[in-house]
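Colleague: My questions will all concern the structure given below.
The values are calculated or read from the model by the stated rules, or taken from the named source; none is laboratory data. Model, not experiment: these values are computed from the prediction. Glycine gets a Cβ as well: all are built from the backbone with ideal geometry, and neighbour counts include every protein chain shown. Areas reflect the complete protein model, heavy atoms only, side chains present, ligands, DNA and RNA absent. Shrake-Rupley method; radii C 1.70, N 1.55, O 1.52, S 1.80 Å.
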Amino acid sequence: MSKMEAPKLSLIIISLLLTNLRSIVSSPDNHRYNVGDHVPFFVNKVGPLNNPSETYQYYELPFCGPDPVVQKKEFLGEVLSGDRLTSALYKLNFRENKVAETLCHKKLEGDDVAKFRDAVINDFYFQMYYDDLPFWGFVGKIEEDSWTLEKKSLKYFLFKHVLFDVLYNGNQIIEVHAIGDPNQVVDITEDVGVDVQFTYSVVWNTTSAAFDTRMDRYSRASSLPIHLKIHRFSFINSAITIMLLIGLLTLLFMRRLRNDLRTRFSTGDDEDDREVGWKYIHGDVFRYPRNKSLFCAVMGVGTQLLTLVCSLFVLVWLGILYPYNRGTLCTALVILYSLTSVVAGYTTASFHCQFAETGWERSVLLAGIMYAGPLFVIGSILNVVAVSYGATAALPFGTIMVIILLHAFLTIPLLVLGGVIGYLFRSEFQSPCATKRYPREIPPLPWYRDTPCQMFLGGFLPFSAIVLELQHLYASLWGYRIFTLPSILFIMFIILILITAILNVGLTYIQLSLEDHQWWWRSVFCGGSTAIFMFAYCVYFYTRSSMSGLLQFSFVFGYNACMCYAFFLMLGTVGFRSSLMFVRYIYRAVKSE
């Protein structure tokens with residue numbers, strides 16, 4: 001090799017290395033770009049501002065679109081969340097400013113104008129993604145034209161120019177906004193065809209914000225002092241409620257129950273007349289409840305859902321679940337429900353086998369359909385409604401098949417596996433007192449001590465402790481607020497469980513003192529009754545909001561019914577477990593004396 005060729009070869013090798021290094025450092029995968037690099041840009045959906053669940057694909061409105069329109073491959077959770085990311089004509093290369101760049105020339109026919117006008121009337125917004133950053137903008141605006149003696153006249157305008165304001169730090173994108181230019185509009189008040197030239201501009205500005213904190217602005221509104229003050233007030237309110245309940249329960253143990261435990265416990269039938277209250281029914285209090293298989297299924301599914309909720313909080317602490325991590329929450333819910341089905345099978349079978357060694361298969365079958373069955377029925381109905389509207393909430397056939405196959409090949413086998421394990425490691429029900437052959441007759445009770453009144457008391461107090469946080473939760477589920485304080489939500493969930501447990505212990509003691517031994521199912525109903533108040537609050541929340549339309553109505557009440565039903569099963573399980581521990585304690589204590 002000549003001396004002249006060696007430097008040339010070295011330059012070629014260095015240039016190739018620099019090119020490869022640039023391709024490694026600059027990539028959409030690590031969100032680092034060089035000047036002029038292509039940055040992923042997708043349009044997602046459009047929808048009315050007041051109806052968050054009613055969204056449609058971006059090109060349902062006659063915007064300028066590529067030919068052909070390419071839809072981005074999405075995961076299960078993204079489809080369940082209603083995301084439909086598709087390609088666009090916008091070209092926003094890194095740090096390249098553009099002024100009045102033409103997107104397309106389009107002839108809008110009368111039908112197209114009518115679609116845009118309806119979108120403007122309903123305050124439609126659009127959502128796009130740039131470098132995985134979501135941003136929004138409005139389709140058009142409404143202006144008052146003139147006033148008459150009869151009515152005011154309105155004019156409707158379509159934004160034909162969009163300004164993209166992008167902030168960057170070094171070689172990373174930090175923030176993006178889309179602003180419709182109010183001075184560049186098209187009058188779409190009348191159903192008249194019009195030629196429109198859609199344009200856009202791109203302005204790049206530097207910022208000192210770090211890339212790791214670029215998602216914080218989406219949750220900044222939830223961290224305002226007024227919101228933090230409400231969270232603190234909610235926490236103080238719940239803490240006071242639970243302290244009062246603990247005080248009342250302590251008083252119950254210190255006075256009434258202590259006096260009861262001092263008296264001798266009789267086992268002979270000839271001495272039953274000398275005993276009153278809860279001791280009098282010692283031979284019936286551990287009598288197995290009616291509908292044993294159904295009761296065991298409730299315990300199994302309630303325990304499963306409790307495990308699922310705790311697992312979600314663990315994922316939040318690990319940083320896997322965070323705002324605008326597209327579809328991750330829905331994916332986590334589907335997978336965790338399948339994985340925790342082994343808990344439902346084990347709990348159901350083991351609890352059933354404490355009463356009888358046979359028939360546990362029926363209980364496990366009921367556990368498999370107790371929550372999944374109503375959820376599937378309601379989800380199918382809502383999917384039909386979404387399909388009729390053409391909304392993005394409609395699930396494609398492929399997604400439905402994935403869910404069915406996941407249930408068939410993962411959920412059901414794990415449920416059966418858990419049931420088999422529960423049967424193999426079965427144990428007998430530990431009862432401090434022997435159960436008599438025939439149940440005693442329950443004396444008549446006043447109406448204010450019957451099940452409905454106990455359910456009202458057992459549900460209203462826990463609900464009053466969480467109502468402020470419930471407002472924030474519903475605003476994030478059926479609105480645009482982001483719940484950014486998962487630690488507070490977890491604390492409130494623990495407080496809800498504690499209040500439910502304490503109340504059920506007190507209500508069970510009152511019931512047994514009135515010589516009513518049918519406490520098994522009642523403890524479930526009293527514990528789960530908080531879910532009834534939660535659903536009632538959903539009705540109140542809907543009436544106070546600006547939501548409207550059959551689609552939004554169906555989704556709010558349909559999915560909220562599923563959520564409240566899950567809370568009924570969870571809190572009902574908590575209510576029974578706490579009551580069972582209390583009943584075993586008092587009868588074991590008095591038996592030992």
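Colleague: For the stretch 311-378, give me every one of the helices (runs of 4 or more DSSP H) that falls completely inside it and has 1 or more residues that are under 16 Å from the mean Cα position of the chain (by Cα).
Modeller: 328-339
Colleague: Output the qualifying pairs, or none if there are none: Cβ atoms under 8 angstrom, residues six or more apart or on different chains, first residue in the stretch 439-465 and part of a loop (DSSP other than H, G, I, E, B), second residue polar (S, T, N, Q) and modelled with pLDDT of 85 or more.
Modeller: Between residues of the stretch 439-465 that are part of a loop (DSSP other than H, G, I, E, B) and residues that are polar (S, T, N, Q) and modelled with pLDDT of 85 or more, the close pairs are 442/518.
Colleague: Here is a follow-up. Just to be sure before I move on: is residue 492 within 30 Å of the chain's Cα centre (by Cα), buried (at least 17 other Cβ atoms within 10 Å of the Cβ), outside any helix (DSSP H, G or I) and in contact (Cβ under 8 Å) with a residue 24 or more places away in the chain in the structure I sent?
Modeller: Spelling it out, it is not the case that residue 492 is within 30 Å of the chain's Cα centre (by Cα), buried (at least 17 other Cβ atoms within 10 Å of the Cβ), outside any helix (DSSP H, G or I) and in contact (Cβ under 8 Å) with a residue 24 or more places away in the chain.
Colleague: Could you tell me whether any residue of the stretch 165-184 is of a type in the set (Asp, Glu) and part of a loop (DSSP other than H, G, I, E, B)?
Modeller: yes
Colleague: Determine whether residue 587 is surrounded by fewer than 19 Cβ atoms within 10 Å (Cβ to Cβ), touching a residue at least 12 places away in the same chain (Cβ under 8 Å) and not in a loop (DSSP other than H, G, I, E, B).
Modeller: So residue 587 fails the test.
Colleague: Output the number of the condition that residue 189 fails; it satisfies all remaining conditions of (1) more than 32 Å from the chain's Cα centre (by Cα); (2) of a type outside the set (Gly, Ala, Ser); (3) part of a strand (DSSP E or B).
Modeller: If we test residue 189 against (1) more than 32 Å from the chain's Cα centre (by Cα); (2) of a type outside the set (Gly, Ala, Ser); (3) part of a strand (DSSP E or B), just (3) comes out false.
Colleague: Of the residues in the stretch 149-184, how many are hydrophobic (A, V, I, L, M, F, W, C) and open to solvent by 40 Å² or more (accessible area, probe 1.4 Å)?
Modeller: Here the count works out to 4.
Colleague: For the stretch 508-550, give me each residue that is open to solvent by less than 10 Å² (accessible area, probe 1.4 Å), among the aliphatic types (A, V, I, L, M) and either part of a loop (DSSP other than H, G, I, E, B) or at pLDDT 95 or above (or both).
Modeller: 524, 531, 534
Colleague: Of all the residues that make up the stretch 426-451, how many are open to solvent by 60 Å² or more (accessible area, probe 1.4 Å) and either touching a Lys or Arg at 6+ places or on another chain (Cβ under 8 Å) or at pLDDT 90 or above (or both)?
Modeller: 3
Colleague: When residue 95 is evaluated against the numbered criteria (1) within 30 Å of residue 218 (Cβ to Cβ); (2) open to solvent by less than 80 Å² (accessible area, probe 1.4 Å); (3) touching a strand residue (DSSP E or B) at 6+ places or on another chain (Cβ under 9 Å), which criterion, by number, is the only one it fails?
Modeller: (2)
Colleague: For residue 201, work out the one condition from (1) out of contact with any strand residue (DSSP E or B) (no Cβ under 6 Å at 6 or more places or on another chain); (2) modelled with pLDDT of 80 or more it doesn't fulfil.
Modeller: (1)
Colleague: Next question, about the same structure. Pairs under 6 Å by beta carbon, first residue touching a residue at least 24 places away in the same chain (Cβ under 8 Å) and within 21 Å of residue 481 (Cα to Cα) in the stretch 324-344, partner open to solvent by 30 Å² or more (accessible area, probe 1.4 Å) and outside any helix (DSSP H, G or I), six or more apart or different chains?
Modeller: 327/75; 327/81; 330/81
Colleague: Right, next: With the checklist (1) in contact with a strand residue (DSSP E or B) (Cβ under 6 Å, 6 or more places away or on another chain); (2) at pLDDT 90 or above in hand, flag the one item residue 34 doesn't pass.
Modeller: Against the list (1) in contact with a strand residue (DSSP E or B) (Cβ under 6 Å, 6 or more places away or on another chain); (2) at pLDDT 90 or above, residue 34 comes up short only on (1).
Colleague: Give the stretch 379-425 a look and list any residue that's open to solvent by 50 Å² or more (accessible area, probe 1.4 Å), more than 29 Å from residue 348 (Cβ to Cβ) and in contact (Cβ under 8 Å) with a residue 40 or more places away in the chain, or say none.
Modeller: 389, 396
The rows are residues; the columns are (1) surrounded by 14 or more Cβ atoms within 10 Å (Cβ to Cβ); (2) at negative phi; (3) part of a strand (DSSP E or B).
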| position | (1), (2), (3) |
| --- | --- |
| 63 | yes, yes, no |
| 83 | yes, yes, no |
| 90 | yes, yes, no |
| 107 | no, yes, yes |
| 135 | yes, yes, yes |
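Colleague: Give the residue that is farthest from residue 171 (Cα to Cα), with candidates limited to residues of the stretch 192-205 that are within 38 Å of the chain's Cα centre (by Cα) and surrounded by fewer than 16 Cβ atoms within 10 Å (Cβ to Cβ).
Modeller: 203
Colleague: Right, next: Identify all residues within the stretch 68-100 that are touching a residue at least 60 places away in the same chain (Cβ under 8 Å), closer than 17 Å to residue 133 by Cα and within 29 Å of the chain's Cα centre (by Cα); write none if there are none.
Modeller: 74, 78, 81, 82, 83, 84
Colleague: Please verify whether residue 469 is open to solvent by 70 Å² or more (accessible area, probe 1.4 Å) and of a type in the set (Asp, Glu), treating the condition exactly as stated.
Modeller: Criteria not met by residue 469.
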